[in-house]
Amino acid sequence: MSLPADIRLPEHIAIIMDGNGRWAKQHHVPRQSGHAKGAEVFKTIAKYCESLEIKALTVYAFSTENWSRSETEVRYLMKLFREYLDDAFTMDSNSRIRFLGEKSRLPEDLLALMKKLEDDSSSNDGMVLNIALNYGGRAEITGVVRKIAEDAAEGRLSVGEIDEQLVSSYLYTAGLPDPDIILRPSGEKRISNFLLWQCAYSEFIYMDVLWPDFTTDMLDEAIVEYNKRNRRFGGR
Ligand code: FPP
């Protein structure tokens, strides 16, 4: 499938990369293999979004709740992040990489790599690639409330200045349009603490496919579906 010429492209796509574990079970392989295949698909989809000239792609790689998985699985995921992030976006990419989430708790060497990728890609002028890693929507909003309270208490801000725009400017996604599409493969129909503030007017697209089986054609399908939706932003 290729997209029709008159298609309206979303500016910002957000994806909950779900179903790696179930894919592994279906294929009678360890959960790790599901994540490894998921990481390959992440790379393919990110490159494809770059080629479509999408303004921003945000992927949910690791949530604040994912620490409750087994130590082996968490360790493996951290290893995958190191490998894929280093390999996938240092070469032949014009994307700006940003990490959304709490920097605490992540291994030192991964933090150093994340910082290097953010710094090295900061002057690129292509797609913004947001990787939500140790991210939780409630934690993000709580952090914003704390920061605004501090700024107000220390006189950098007056309470009267606090409005929706100001709150948005304190989020990890400051300066970016909110996601037009939030895509969740795997058949689950939940937001799972992802971009809670930013999703206010997003179109939710749920697809019955496990993330490791997700293809660029399926992303095209999601964009076509988005074009069928009539976005009113609360108006008539
Ligand atoms: C959810 O599937 C997926 C995750 C918790 C990890 C997502 C990570 C990747 C796709 C790896 C690569 C990412 C980058 C940025 C290199 P699940 O394990 O919850 O699946 P299940 O619900 O079927 O068990």
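Here are the numbers for this structure:
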quantity: Region 96-157: C-alpha gyration tensor shape, a/c 1.5 cut-off, then a/b vs b/c; calculated: prolate
quantity: Calculated [θ] (222 nm, deg cm²/dmol) that DSSP helices of n ≥ 4 give over the chain, each run adding -39,500 (n - 2.57); calculated: -13500 deg cm²/dmol
quantity: Choice from Gly187, Gly160, Gly38 showing the highest fluctuation, given a GNM over the chain with Cα pairs closer than 10 Å; calculated: Gly160
quantity: Amide H partners (placed H, <5 Å) of Ile181, local residues excluded; calculated: His12, Ala14, Glu203
quantity: Residue order, fewest to most surrounding Cβ atoms within 10 angstrom, among His35, His28; calculated: His28, His35
quantity: Bins of 5 Å from zero: percent of alpha-carbon pairs in region 108-236; calculated: 2, 8, 14, 16, 18, 18, 14, 6, 3, 2, 0
quantity: Region 52-125: Rg to Rh, with Rh as the Kirkwood radius over Cα pairs; calculated: 0.98
quantity: Table column - 3J(HN,Hα) (Hz), region 186-202, Karplus curve with 6.51, -1.76, 1.60, x for Gly and Pro; calculated: 5, x, 6, 10, 9, 8, 6, 6, 9, 6, 4, 6, 6, 8, 3, 10, 6
quantity: Distance between region 208-234 and region 58-136 - C-alpha centres, whole angstrom; calculated: 24
quantity: Amide H contacts under 5 Å for Arg96, placed H, 5+ residues apart; calculated: Gly126, Met127, Val128, Leu129
quantity: Computed FRET value (nearest 0.05) for Arg138 with Glu118, which takes r as the C-beta separation and R₀ as 35 Å; calculated: 0.90
quantity: Alpha-carbon Debye profile of the chain, log10 I(q)/I(0) at 0.09 Å⁻¹; calculated: -0.39
quantity: Cα shape, region 83-132, gyration tensor, a/c 1.5 rule; calculated: prolate
quantity: Relative compactness, region 1-101, computed as alpha-carbon Rg over 2.2 N^0.38 Å; calculated: 1.19
quantity: Distance between modelled label sites at Glu40 and Ile191, nm, 7 Å Cα→Cβ extension; calculated: 3.4
quantity: Residue with peak Gaussian network fluctuation, the chain [Cα springs, cutoff 10 Å], from Thr72, Thr44, Thr64; calculated: Thr72
quantity: Top of Ala39, Ala222, Ala174 by mean-square fluctuation, Gaussian network on the chain, Cα under 10 Å; calculated: Ala174
quantity: Compactness of region 47-184 as Cα Rg over 2.2 N^0.38 Å, two decimals; calculated: 1.15
quantity: Pairwise FRET efficiency - Ser168 versus Met218, Cβ, R0 = 41 Å, nearest 0.05; calculated: 0.85
quantity: DSSP loop chymotrypsin sites (Phe, Trp or Tyr not before Pro) with at most 15 other Cβ within 10 Å excluded, longest remaining stretch of the chain; calculated: 1-200
quantity: Two-site FRET efficiency, Asp208 against Glu73, from Cβ-Cβ distance with R₀ of 22 Å, rounded to 0.05; calculated: 0.35
quantity: Calculated from backbone phi, Karplus (6.51, -1.76, 1.60) coupling profile of region 2-15 in Hz, x at Gly/Pro; calculated: 10, 6, x, 4, 8, 5, 9, 7, x, 7, 9, 10, 10, 10
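Read-outs throughout are calculated quantities, based only on the coordinates presented, and are distinct from any laboratory measurement. Just so it is clear, the structure is predicted and the values come from calculations on it, not from any experiment. Positions of Cβ are generated from backbone atoms using ideal geometry, with glycine treated the same way; all protein chains shown enter the neighbour counts.
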